[in-house]
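Chemist: This is the structure I have questions about; it appears just below.
Only the coordinates and a few stated rules stand behind these numbers; no lab work does. Since the structure is predicted, the reported quantities are computational estimates derived from the model, not experimental observations. Cβ placement follows ideal geometry from the backbone for every residue including glycine, while neighbour counts extend to all protein chains displayed.
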Ligand SMILES: Cc1ncc(COP(=O)(O)O)c(C=O)c1O
């Protein structure tokens with residue numbers, strides 16, 4: 001009998017647990033006739049901002065929208081440069097291009113996969129307006145040196161916290177570690193809905209007001225357009241679902257941390273630590289493991305992916321190509337070899353199944369399949 005597959009992420013697990021409450025919340029919105037923005041969105045914005053410790057929360061259509069809104073609120077546009085890592089999800093850099101500015105890449109720290117503060121300063125020019133650290137996979141960037149550089153150079157820090165709702169740096173949750181912070185509630189995120197949704201947080205009342213206007217076609221008063229804004233509104237159904245889930249998030253993050261510790265233990269127990277490099281959590285941070293990303297030697301990575309998939313284990317490579325090597329960014333004139341740490345990461349990383357409800361038995365199976373791969377390779381090499 002073949003064992004049950006282990007999914008990369010069980011998107012419906014939370015819906016199964018909270019079905020009664022979520023169904024009731026959705027029905028409440030359907031009956032209200034208020035489909036977009038309105039009281040449900042306002043309540044979620046307030047509750048989510050409180051969770052993040054921020055003064056203001058502005059709901060929007062997605063994490064990508066959040067990044068575009070943040071850049072526009074800070075006045076970033078044509079002729080400006082924004083420093084971003086090349087090893088991240090596409091939207092980090094595409095949002096910069098979409099507002100007419102130029103993404104300037106700075107390489108990552110190969111241990112945490114996050115932007116390396118030591119690489120930032122050399123990229124700053126008279127055109128630099130902001131740096132956009134991405135808290136990748138659930139761990140915050142090293143924010144103190146980034147904030148110091150930004151302050152001394154007079155540039156803004158925009159947190160791309162799309163993958164890291166609830167993550168902490170020196171005891172402070174992300175959401176207030178920059179001028180403006182951006183979150184995604186895409187279905188695989190730590191706080192998620194069954195659709196697209198996002199949030200921007202800030203402590204600055206003027207930026208909050210501008211963000212609110214930008215997401216509704218740039219108008220503070222209906223049909224009067226102060227800015228060239230967008231339709232980037234948050235739907236009430238998603239806000240209602242997110243409100244049901246928000247009180248459970250802390251418990252889910254604890255479970256993710258426990259699951260990560262179990263993976264660490266199983267990898268050690270199977271004597272795989274010479275082959276698999278486990279994720280590293282810096283002591284001053286709370287890693288909330290949106291992904292549990294291991295590294296294996298490049299010659300084995302794709303073969304291990306195939307082996308895991310063939311054995312019913314859901315895996316994913318985040319990300320197989322760094323952003324400076326993407327076709328659509330060819331005009332930025334970067335070359336292979338420009339960012340060695342990012343390029344090495346694209347050859348070695350592999351995300352194992354990770355979600356709060358994952359069981360020890362499922363994780364044991366994932367690690368056993370990895371061990372089986374290595375045994376097979378060693379046998380065929382002998
Ligand atoms: C680092 C990062 N930034 C931005 C985004 C964009 O978020 P969304 O998919 O909600 O637009 C994502 C989503 O995966 C992400 O991982």
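Chemist: When only alpha-carbon atoms count, how far does the range 249-381 stretch along each of its three principal axes, as whole angstroms with the largest first?
Modeler: 48, 45, 27
Chemist: Can you give the extra length, in nm with one decimal, that the chain gains between residue 209 and residue 246 once fully stretched, where that is 0.36 nm per residue apart less the Cα-Cα distance?
Modeler: 10.9 nm
Chemist: I'd like the antiparallel share, as a percent to the nearest 5, of DSSP beta bridges with both residues in the chain.
Modeler: Of the beta bridges lying entirely in the chain, close to 65 percent run antiparallel.
Chemist: Mind checking the full-extension length gain between residue 332 and residue 265? Use 0.36 nm per residue of separation minus the Cα-Cα distance, one decimal, nm.
Modeler: The residue 332-residue 265 span can extend by a further 19.8 nm.
Chemist: Additional query: Please report the spacing between the Cα centers of the range 161-225 and the range 313-341 in Å, no decimals.
Modeler: That distance is 26 Å.
Chemist: With n ≥ 4 as the cut-off for DSSP H runs, can you work out [θ] at 222 nm for the chain, using -39500 (n - 2.57) per run divided by the number of residues, rounded to the nearest 500?
Modeler: -12500 deg cm²/dmol
Chemist: Once the piece of chain linking residue 223 and residue 23 is laid out straight, how much longer is it, given 0.36 nm per residue of separation minus the C-alpha distance between them?
Modeler: Extra length available between residue 223 and residue 23 comes to 68.5 nm.
Chemist: Follow-up. Given R₀ = 30 Å, what would the calculated FRET efficiency be for residue 13 paired with residue 303, taking r from the Cβ atoms and rounding to 0.05?
Modeler: Between residue 13 and residue 303 the formula returns 0.50.
Chemist: Also: Roughly how many Å is it from the Cα centre of the range 255-304 to that of the range 37-61, as a whole number?
Modeler: Computed from Cα coordinates, the inter-centre distance equals 33 Å.
Chemist: Can you compute log10 of I(q)/I(0) for the range 185-233 with the Debye formula, treating each Cα as one identical point scatterer, at q = 0.16, 0.19, 0.25, 0.27 Å⁻¹?
Modeler: For the range 185-233 at q = 0.16, 0.19, 0.25, 0.27 Å⁻¹, log10 I(q)/I(0) is -0.54, -0.69, -0.87, -0.91.
Chemist: Between residue 170 and residue 125, what is the label-point separation in nm under the 7 Å Cα-to-beta-carbon projection?
Modeler: 3.1 nm
Chemist: Please express the Cα-Cα pair-distance distribution P(r) of the chain as a list of whole percents, one per 10 Å bin, running from 0 to the bin with the greatest distance.
Modeler: Answer for the chain: a P(r) of 5, 23, 31, 25, 12, 3, 0, 0 percent.
Chemist: Continuing with this model, one more query. Normalising by the residue count of the range 249-381, find the relative contact order in percent from Cα pairs under 8 Å and 6+ residues apart.
Modeler: It comes to 34 percent, rounded to a whole number.
Chemist: Let's test this: bin the Cα-Cα distances of the range 260-307 at 5 Å from zero up to the farthest pair and state each bin's percent.
Modeler: 5, 18, 26, 24, 18, 6, 2, 0
Chemist: Against the 2.2 N^0.38 Å scaling, with N counting residues, where does the range 1-71 land? I'd like the Cα-based Rg ratio to two decimal places.
Modeler: Compactness ratio reported: 1.52.
Chemist: At R0 = 51 Å, how high is the FRET efficiency between residue 148 and residue 273 if r is their beta carbon distance? Nearest 0.05 is fine.
Modeler: The calculated FRET efficiency here is 0.90.
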